[in-house]
Amino acid sequence: MSRKGVRLPKSTLSMQEAVVVCAICFGLFIMFSTQAVLAGFPEARFSDNGNTWSILIELLLAAAALVYLRTRNFDIASLYPAPGIEGTFVGLALFVAAWIAGVVVTAPFVHEGSTAMTAFSFRGISLASVVLFAMVNGAFEEIFLLGVLVRGLRGYGLSITIGLPLLVRVLYHLYQGPLGAIWVLAFGLTFTLAYLRLRQLWPPVLAHVLWDIVPVVVAWS
């Protein structure tokens, strides 16, 4: 569609475009996650150096994906999360709702001595590193999963709109073990439904940032 010969930015994706975005943004992480599954879910160790590399990789992948989306005339300007007071309160509520959803769906599988979830190590990591990683990672995942894929695939029906981005989310979190994958499925679905209802990116971005910070602080305590 155009106005006076200028094409207006679009907010939908073809299936081919969606696959390319998935490959650019999450293909590497899906590969790493698959390797962890094949290795028997080794302990996930987080460090300042590892967080720095993760941040750089996500920024580079985000830049590549945005360049691709611009060539496809996607509405990139709409991907800014736009923080606000109301959205912040909604994000806090969404974080709590997603946490409760995760507890509820995993409770039947939790028992003493269970090894269904990967062990996490946060020894020696700084709070500044955790917060910076959370900000970049939370924005990266939710902008491309929700703002690009969920919104872009809405023309394919609700099952594809919800199902494909949710599948991608679970695939690159498989390193967390079967129980961790179920938890990710629960909070990912909560974020997706909230986004479909609100059409705002800031609440799920904030909820995800908190999700990356709070468990580390809890582990320290």
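Brief remarks on what is shown
- Filtered residues of segment 65-74 (kept if surrounded by 13 or more Cβ atoms within 10 Å (Cβ to Cβ), hydrophobic (A, V, I, L, M, F, W, C) and either within 16 Å of the chain's Cα centre (by Cα) or part of a helix (DSSP H, G or I) (or both)): 65, 66, 69
- Unique residue being touching a residue at least 24 places away in the same chain (Cβ under 8 Å), assigned to a helix (DSSP H, G or I) and surrounded by fewer than 12 Cβ atoms within 10 Å (Cβ to Cβ) when the list is 62, 77: 77
- Condition check for residue 186: among the small types (Gly, Ala, Ser), closer than 23 Å to residue 209 by Cβ, within 18 Å of the chain's Cα centre (by Cα) and assigned to a helix (DSSP H, G or I): yes
- Residue 131 satisfies every condition listed in (1) part of a helix (DSSP H, G or I); (2) at pLDDT below 95; (3) of a type in the set (Val, Ile, Thr) except (2).
- One residue stands out among those in segment 28-58 that are surrounded by 15 or more Cβ atoms within 10 Å (Cβ to Cβ) and among the small types (Gly, Ala, Ser): the one that is farthest from residue 146 (Cα to Cα), which is 47.
- Qualifying residue in segment 84-96 (condition: surrounded by 12 or more Cβ atoms within 10 Å (Cβ to Cβ), in contact with a strand residue (DSSP E or B) (Cβ under 9 Å, 6 or more places away or on another chain) and over 15 Å from residue 144 (Cα atoms)): no
- Filter pass, residue 182 being modelled with pLDDT under 95, among the β-branched types (Val, Ile, Thr) and surrounded by fewer than 22 Cβ atoms within 10 Å (Cβ to Cβ): yes
- Given (1) part of a helix (DSSP H, G or I); (2) at pLDDT below 95, number of the condition residue 19 does not satisfy: (2)
The values are calculated or read from the model by the stated rules, or taken from the named source; none is laboratory data. These numbers were taken from a predicted model, which means no experiment stands behind them. Here Cβ is always computed from backbone atoms with ideal geometry, including for glycine, and neighbour counts include all displayed protein chains.
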